[in-house]
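These notes are about the structure you will find just below.
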Amino acid sequence: MARDPETIQREIERTRDALAESLDALTDRANPKHLVESGKQQVQAKLEDPRIRYALIGVGALIAFGLLRKLFR
């Protein structure tokens with residue numbers, strides 16, 4: 001089943017355009033600035049959770065208490 005050259009050329013161009021779009025999307029997702037911003041947003045979202053926030057405050061208080069105790073001994 002032979003296909004005409006024009007049909008093959010159109011398929012090649014569609015495939016090339018699809019590949020270019022995929023490559024642009026991958027480049028955008030792999031951009032270091034985008035990764036840093038995404039990481040910051042994830043950390044901020046985690047810190048907004050009261051359970052995590054209060055747990056970190058508790059750990060910080062324990063560390064501060066331990067350091068003060070060590071200093072004044």
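The values are calculated or read from the model by the stated rules, or taken from the named source; none is laboratory data. This is a predicted model, so every value here is computed, not measured. Positions of Cβ are generated from backbone atoms using ideal geometry, with glycine treated the same way; all protein chains shown enter the neighbour counts. To get the accessible areas, we keep the full protein, side chains included, count just its heavy atoms, and leave off ligands, DNA and RNA. Shrake-Rupley method; radii C 1.70, N 1.55, O 1.52, S 1.80 Å.
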Using the Karplus curve 6.51 cos²θ - 1.76 cosθ + 1.60 with θ = phi - 60°, work out ³J(HN,Hα) for each residue of segment 60-73 in order, rounded to whole Hz, and write x for Gly and Pro. x, 5, 5, 5, 4, 4, x, 5, 5, 4, 5, 5, 9, 8
Dipole axis of the chain (+1 Lys, Arg; -1 Asp, Glu on Cβ), positive-most option in Leu67, Pro5, Gln42: Leu67
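Let me have the 222 nm mean residue ellipticity of the chain computed from DSSP H runs of 4+ only, each contributing -39500 (n - 2.57), with the sum over all residues rounded to the nearest 500. The partial results should precede the final answer.
Numbers: 3 runs with 63 residues, N = 73.
So the helix-based figure for the chain works out to -30000 deg cm²/dmol.
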Pop out the carbon and sulfur fraction of the accessible area of the chain as a percent, whole number, probe 1.4 Å. 63 percent
Under unit Cβ charges (Lys, Arg +1; Asp, Glu -1), what dipole magnitude, rounded to 20 debye, does the chain have relative to its Cα centre? 1120 debye
Setting aside same-chain residues fewer than 8 positions from Lys46, which aspartates and glutamates have a Cα under 19 Å from its Cα? Glu37
Residue by residue, what Karplus-based ³J(HN,Hα) values in Hz, rounded to whole numbers, does segment 29-39 have, using 6.51, -1.76 and 1.60 with θ = phi - 60° and x for Gly and Pro? 5, 8, 5, x, 5, 5, 5, 5, 4, 4, x
